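Scroll down for the structure; my scribbles are underneath it.
The values are calculated or read from the model by the stated rules, or taken from the named source; none is laboratory data. On a predicted model such as this, the values are computed, not experimentally measured, just so you know. With ideal geometry, Cβ positions are generated from the backbone for all residues, glycine too; neighbour counts draw on all protein chains shown. We work out accessible area using only protein heavy atoms, side chains counted, and drop any ligands, DNA or RNA first. Shrake-Rupley method; radii C 1.70, N 1.55, O 1.52, S 1.80 Å.
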Amino acid sequence: MLPRVMDKVYLGYFTLALFIAICIDLQDYWPEGTLPGFLKQIKQQYIADSNDPLLTGALGGASQTAWFDSLIFQEFLFQLPALSLIIGGILQGWRSTYIWILAYCVSSAATTIPCVYTILVIPNAETATTIGTLALSSAQKRFLLYNYLPFLAFPLIAAVDSGLQLAEDVKLAVTARKALEKKAQ
């Protein structure tokens, strides 16, 4: 059912992304009292290790984090269902799944870029001169980038690959259509 090696890689990545979405990113969307304690602990430990300003609200009040909250809502509204369709489509061997992969990957990369940029522009704690200004240590920035960059790089690569797969399918469909039109004449 999985004809290409890349499809097997996709299955692993998208399964991991689905797990992270459900168990970590979208914890606020779980019905009250249903979130297992160990999942809360995983997120709390990540925040303690990283001091992730996107998850701690350290960027400011609600008006300062609304953009990030909207990205999480987009993950809930579009990316979560798309991941489910992608995983099912890969397991079924449906070539039409590449459309969903492309759409998901463009969405995922577009929502990760502002997160990475935010981390990059936050001042380094070692060189920050203003007391009370949000700053991250070099180690914290590295840790955050190690966690965010794979979720930017892989979707970019997968978007190109799935786009190429779709272009191949379109080329075959156009060739088949021309052959049918020629035969009908």
Karplus (6.51, -1.76, 1.60) ³J(HN,Hα), θ = phi - 60°, over the range 71-78, in Hz, Gly and Pro reported as x: 5, 5, 5, 4, 4, 5, 6, 10
- request: For the chain, with a Gaussian network of springs between Cα atoms less than 10 Å apart, report the residue from 43, 171, 141 with the top mean-square fluctuation.
  value: 171
message: Explain nothing, just compute: Karplus ³J(HN,Hα) = 6.51 cos²θ - 1.76 cosθ + 1.60, θ = phi - 60°, for every residue of the range 173-178 in order, whole Hz, x for Gly and Pro.
response: 5, 5, 4, 5, 5, 4
task: Using only Cα atoms, locate the centre of the range 72-148 and the centre of the range 1-50, then give the distance between them in Å, rounded to an integer.
output: 13 Å
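Roll a 1.4 angstrom probe over the protein heavy atoms and tell me the percent of accessible area of the range 70-184 that is carbon or sulfur. Could you put the intermediate results ahead of the total?
On the way: 4740 of 6750 Å².
Carbon with sulfur: 70 percent of the solvent-accessible area.
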field: Percent breakdown of C-alpha pair distances by 5 Å bin, ordered from the shortest bin, for the chain
entry: 1, 7, 13, 17, 16, 13, 11, 8, 5, 3, 2, 2, 1, 1, 0, 0
message: Using the Kirkwood formula on the Cα atoms of the range 10-106, what hydrodynamic radius do you get, in angstrom to one decimal?
response: 14.9 Å
field: Debye, to nearest 20: dipole size of the range 46-185, +1 on Lys, Arg Cβ, -1 on Asp, Glu Cβ
entry: 720 debye
message: Could you report the chain's accessible area per residue, 1.4 Å probe, as an integer in Å²?
response: 59 Å²
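Can you flag which of 8/183; 40/141; 8/171 are past 30 Å Cα-Cα? Walk me through the numbers before you get to the answer.
On the way: 8/183 39 Å; 40/141 23 Å; 8/171 24 Å.
Pairs exceeding the cut-off: 8/183.
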Leading residue at positive end of dipole, the range 117-185 (Cβ point charges), from 163, 136, 118: 163
- request: Report residue 76's accessible area, 1.4 Å probe, all protein chains in place, as a number in Å² to the nearest 10.
  value: 80 Å²
message: For a quick check of understanding: with a 1.4 angstrom probe and all protein chains in place, what accessible area in square angstrom does residue 94 have, to the nearest ten?
response: 140 Å²
